[in-house]
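The values are calculated or read from the model by the stated rules, or taken from the named source; none is laboratory data. Nothing here was measured: the structure is a model prediction, and the numbers come from that model. No Cβ is skipped: glycine too gets one built from the backbone with ideal geometry, and neighbour counts run over all protein chains shown.
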Amino acid sequence: MAEWAKGEHESGERPVLIAGHTHRPVFGNRGQDLPEGPGPRELEEARGNPALAARVQHALASSRYYRNPKPVEPPCFFNTGCCSFSDGDVTGIELDRGEIRLIQWTKSPEQEKPTCLQCLPLWSVIEAVNSGTSLGDEVNCG
């Protein structure tokens with residue numbers, strides 16, 4: 001999907017593609033850090049516990065899948081990643097008040113609003129995509 005967004009288009013315009021549920025979160029030109037796989041203690045505890053074993057297997061698969069996340073230059077691709085996690089967390093993309101945000105809701109009933117994981121001004125994304133350049137390192141959650 002990122003390669004399509006970066007490619008040549010008949011209209012001559014450059015799109016910004018927002019996607020979800022492809023398992024690998026991407027926020028503009030920043031890939032997500034690799035999650036840690038389960039350690040020896042978690043692997044040992046999973047023996048004989050089918051529910052825990054399923055979570056451990058999911059974590060192992062995720063840690064293998066996330067190896068070498070690729071940043072997207074220019075920042076024409078945004079992706080929520082898995083969207084729904086085994087611990088009940090949910091991620092999403094918000095477009096609000098001139099910003100694009102990667103957000104996270106937790107299972108906690110006390111959480112009144114999502115946590116901002118990464119945020120950028122939309123104008124900087126559009127400017128970078130149209131000029132074919134990368135974004136700075138500024139992430140402005142708040």
Task: Selection from segment 76-92 of residues that are crowded, with 18+ Cβ neighbours inside 10 Å, at pLDDT 70 or above and hydrophobic (A, V, I, L, M, F, W, C) - done: Cys76, Phe77, Phe78
TODO: Being farther than 15 Å from Val72 by Cβ and under 16 Å from the mean Cα position of the chain (by Cα) is the filter here, so list the residues in segment 100-136 that pass it.
DONE: Arg101, Ile103, Gln104, Trp105, Thr106, Pro114, Thr115, Cys116, Leu117, Cys119
TODO: Report yes if some residue within segment 106-119 is within 23 Å of Ala5 (Cβ to Cβ) and either modelled with pLDDT of 85 or more or not aliphatic (A, V, I, L, M) (or both); otherwise report no.
DONE: yes
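Every residue, every condition in (1) over 17 Å from Met1 (Cβ atoms); (2) modelled with pLDDT of 80 or more; (3) outside any loop (DSSP other than H, G, I, E, B), yes or no:
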| site | (1), (2), (3) |
| --- | --- |
| Glu42 | yes, no, yes |
| Arg67 | yes, no, no |
| Lys70 | no, no, no |
| Pro74 | no, yes, no |
